[in-house]
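Structure record follows, encoded as structure tokens.
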Amino acid sequence: MNNSELEEHITELQARIEFQEDTIQTLNELVIEQGAALESLQAQFRKLYKKMDDMNYEFESHKSDGGNERPPHY
């Protein structure tokens with residue numbers, strides 16, 4: 001390889017490295033965004049799960065308090 005070919009090869013490799021670094025940076029930003037979205041969804045899920053659990057507890061306690069009683073309009 002002569003100097004011209006070597007410089008061309010180095011330039012091509014540098015361009016590839018720059019492209020790869022840009023791709024890695026873009027992917028890293030995407031992973032960070034998805035991580036934040038996942039944390040938000042997990043928090044929402046925990047709230048919904050707690051709400052459902054509370055509703056189930058209320059249902060079970062009302063059922064055991066007097067589920068067999070007749071309503072007042074009978």
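General observations
- 25 °C / 0.890 mPa s Stokes-Einstein diffusion coefficient of the chain, Kirkwood radius on C-alpha pairs, µm²/s: 133 µm²/s
- Springs between Cα atoms under 10 Å define the GNM used for the chain, and in it the highest mean-square fluctuation of 34, 42, 20 occurs at 20.
- For residue 63, the aspartates and glutamates whose Cα comes closer than 17 Å to its Cα, not counting residues fewer than 8 places off in the same chain, are 53, 54.
- Contour minus Cα-Cα distance for residue 46 and residue 19 (0.36 nm per residue): 5.7 nm
- MRE, 222 nm, helices only [DSSP H, n ≥ 4, -39500 (n - 2.57), over the chain, to nearest 500]: -33000 deg cm²/dmol
- Among 30, 38, 13, the residue with the largest mean-square fluctuation in a Gaussian network model of the chain, with springs joining Cα atoms closer than 10 Å, is 13.
- Helix 3-66 axis versus longest C-alpha principal axis of the chain: approximately 0°, rounded to the nearest ten.
Quick note: the coordinates plus some simple rules give every number you see, no bench work behind them. Worth saying up front: this structure is predicted, and the values here are computed from it rather than measured.
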